[in-house]
Amino acid sequence: MPRSKTVVPGRARRKKIMKAAKGNFSGRRKLYQTARETLTRSLQFAYEHRRNKKREFRALWITRINAAARIHGMSYSALISGLKQAEITINRKVLADLAVHDLPAFAQLAEVAKQAHAG
């Protein structure tokens with residue numbers, strides 16, 4: 001029986017990498033080795049940034065909540081503490097959305113938090 005070579009599977013692997021490398025500049029999309037290195041690196045960055053995205057959004061929400069809390073004469077930590085003492089469970093994403101799009105609702109929450117934090 002003749003020896004089988006990996007021509008077809010090998011070509012398929014190279015083709016898959018070259019297809020994924022489309023859109024890159026110069027040899028990064030035309031040369032197999034550089035395309036493979038670029039693709040490996042890009043996939044690693046994508047993996048890292050999917051995790052960093054969560055951190056960055058949480059930091060953004062906290063910044064927005066802090067800005068809105070200071071309009072109502074409170075700090076961010078006092079607001080969060082007051083909401084916990086008042087047993088209001090609302091996550092930072094929704095709280096930040098209220099701070100940006102529905103200021104009267106945020107004002108009510110801030111007032112409740114202020115009373116709970118003070119008393």
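Quick note: the coordinates plus some simple rules give every number you see, no bench work behind them. Being a predicted model, the structure only gives us computed values, none of them experimental. Cβ sites come from the backbone with ideal geometry, for glycine too, and all protein chains shown count toward neighbours.
Computed quantities for the displayed model
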{"item": "Which listed residue, of T38, T34, T63, is in contact with a Gly (Cβ under 7 Å, 6 or more places away or on another chain) and either surrounded by 16 or more Cβ atoms within 10 Å (Cβ to Cβ) or not in a loop (DSSP other than H, G, I, E, B) (or both)", "result": "T34"}
{"item": "Long-range neighbours under 7 Å by Cβ, at least six apart or interchain, first residue outside any helix (DSSP H, G or I) within the range 3-30, second β-branched (V, I, T) and surrounded by 10 or more Cβ atoms within 10 Å (Cβ to Cβ)", "result": "A21/T38; N24/T38"}
{"item": "Qualifying position, being farther than 27 Å from K53 by Cα and of a type in the set (A, V, I, L, M, F, W, C), among L103, L79, L109", "result": "L109"}
{"item": "Residues satisfying the stated conditions in the range 21-53, i.e. among the β-branched types (V, I, T) and over 24 Å from the mean Cα position of the chain (by Cα)", "result": "T34"}
{"item": "Subset of the range 96-115 (residues that are buried (at least 16 other Cβ atoms within 10 Å of the Cβ) and in contact with a Lys or Arg (Cβ under 8 Å, 6 or more places away or on another chain))", "result": "A96, A99"}
{"item": "So L98, is it outside any loop (DSSP other than H, G, I, E, B), in contact with a helix residue (DSSP H, G or I) (Cβ under 6 Å, 6 or more places away or on another chain) and hydrophobic (A, V, I, L, M, F, W, C)", "result": "yes"}
{"item": "Test: residue in the range 54-70 that is among the aromatic types (F, W, Y) and within 25 Å of the chain's Cα centre (by Cα)", "result": "yes"}
{"item": "Candidates K93, K84, filtered to the one that is touching a Phe, Trp or Tyr at 6+ places or on another chain (Cβ under 8 Å), surrounded by fewer than 15 Cβ atoms within 10 Å (Cβ to Cβ), within 26 Å of R55 (Cα to Cα) and not aliphatic (A, V, I, L, M)", "result": "K93"}
{"item": "From K93, K84, K54, K114, residue being touching a residue at least 40 places away in the same chain (Cβ under 8 Å) and either more than 30 Å from G10 (Cβ to Cβ) or not in a helix (DSSP H, G or I) (or both)", "result": "K114"}
{"item": "In the range 45-66, the residues that are aliphatic (A, V, I, L, M) and within 28 Å of A110 (Cα to Cα)", "result": "A59, L60, I62, I65"}
